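Undergrad: Just dropping this structure here.
The values are calculated or read from the model by the stated rules, or taken from the named source; none is laboratory data. Please read these numbers as outputs of a predicted model, since none were measured by experiment. For neighbour counting, all protein chains shown are included, and Cβ atoms are generated from backbone atoms with ideal geometry for every residue, glycine included. The accessibility values were calculated without ligands, DNA or RNA, using every heavy atom of the protein model including side chains. Shrake-Rupley method; radii C 1.70, N 1.55, O 1.52, S 1.80 Å.
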Amino acid sequence: MPDKAGTARYNSAMPNATSLAEQLLIAMPGLQDGYFAGSVSLICQHDAHGAMGLVLNQDSEFDLGTLFDQLQMPCRDPDLRTRPVLSGGPVSPERGFVLHRDARRWDSSLHLGSGLTVSTSRDILQAVAAGQGPERFLVLLGYSGWSPGQLEQELAENAWLNAPSSDDILFDAPIERRWQAATEQLGIDPARLSSQSGRA
């Protein structure tokens, strides 16, 4: 399962042609890990040093209003304040990530390509609170990390499916339907997936 010790590095280049960066990682029904069962994640970095991803369908205990209040960032938009903050993974759960699609440059950002960016700096959260942030975004706490070779091994063991990411799944699908939507994108009926090991 993803490395909960957080040893995976996620700030280096991704030169290798088999990188799964920007792919969705879909948990197979046989994956019984308490945190990752039924999860769908966006792989943000994948190279010889390991992999880093953000779980897209796990609620945290916070909404944006609570988070903004803790950070002392004024936000008067009631709809914005009720938006959920997701749990991106078990590593560094105190650390915030903003996954967004926005042409502007923000501090401390990892550009995934095709316009997707992960930012960890205070400036983007301040802009979001003020109603001046990216139009399409998710706020997450924590991330998921895999040590070198670990993700490849888990894929070989059929713990996961991988699929291209899409804005429909990242930003539009309801949280509780993201796993199903990601699976259906592959042309697979989720109800027909075997919970047994072996090729799906």
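Undergrad: What is the extension gain from Leu71 to Ile188, computed as 0.36 nm multiplied by their sequence separation minus the C-alpha to C-alpha distance, in nm to one decimal?
TA: 37.9 nm
Undergrad: How big is D, in µm² s⁻¹, for the stretch 75-122 by Stokes-Einstein at 10 °C and 1.306 mPa s if Rh is the Kirkwood radius over C-alpha pairs?
TA: 128 µm²/s
Undergrad: Calculate I(q)/I(0) for the stretch 112-200 by the Debye formula, one identical point scatterer on each C-alpha and no solvent, and give its log10 at q = 0.13, 0.18 Å⁻¹ to two decimals.
TA: -0.63, -1.05
Undergrad: Okay, next question. So what's Rg/Rh here for the stretch 18-58, counting alpha carbon atoms and using the Kirkwood radius for Rh?
TA: 0.99
Undergrad: Can you work out the PRE-style zone for Arg122? Point 7 Å along Cα to Cβ, and I want the residues of the stretch 72-103 with backbone N under 13 Å.
TA: Zone members listed by number: 72-74.
Undergrad: Starting from the Cα-Cα distance between Ser92 and Tyr35, subtract it from 0.36 nm times their residue separation and give me the gain in nm to one decimal.
TA: Details: separation 57, 0.36 × 57 = 20.52 nm, distance 1.45 nm.
Separation in residues times 0.36 nm, less the Cα-Cα distance, equals 19.1 nm.
Undergrad: By per-residue mean of other Cβ atoms within 10 Å, what is the highest-first order of 155-161, 136-142?
TA: 136-142, 155-161
Undergrad: Quote to one decimal, in nm, the extra length available between Asp79 and Arg136 on full extension: 0.36 nm per residue of separation minus the C-alpha distance between them. Mind showing how you got there, number by number?
TA: Details: separation 57, 0.36 × 57 = 20.52 nm, distance 1.45 nm.
Answer, rounded to one decimal: 19.1 nm.
Undergrad: According to the Kirkwood expression over distinct Cα-Cα pairs, how big is the hydrodynamic radius of the stretch 10-126, in Å?
TA: Computed over Cα pairs of the stretch 10-126, the Kirkwood hydrodynamic radius comes out at 15.6 Å.
Undergrad: If you don't mind, another one. Can you find, among Ala191, Ala21, Thr82, the residue sitting farthest towards the positive end of the charge dipole of the chain, where Lys and Arg contribute +1 and Asp and Glu -1 at Cβ?
TA: Ala21
Undergrad: A further question on this structure: Can you pull the percent of the stretch 12-169's accessible area that's carbon plus sulfur, 1.4 Å probe, other chains left in place?
TA: Whole-percent figure for carbon plus sulfur exposure: 48.
Undergrad: Right, another one. Taking the Cα centre of the chain as origin, sum charge times position over the Cβ atoms of Lys and Arg (+1) and Asp and Glu (-1), and report the length of that vector in debye to the nearest 20.
TA: That gives a dipole near 220 debye.
Undergrad: Calculate the radius of gyration of the Cα atoms of the chain to one decimal place, then report Dmax, the largest Cα-Cα distance, as a whole number, both in Å.
TA: 16.5, 51
Undergrad: So what are the radius of gyration and Dmax for the Cα set of the stretch 117-163, in Å?
TA: 16.2, 46
Undergrad: Considering the zone a paramagnetic label at Glu61 would reach in this model (a point 7 Å from Cα along the Cα-to-Cβ line), which residues of the stretch 27-48 have amide N under 19 Å from it?
TA: 34-36
Undergrad: Run the helix sum for the chain: -39,500 (n - 2.57) per DSSP H stretch of 4+ residues, divided by residue count, reported at 222 nm to the nearest 500 deg cm²/dmol.
TA: Result for the chain, helices only: -4000 deg cm²/dmol.
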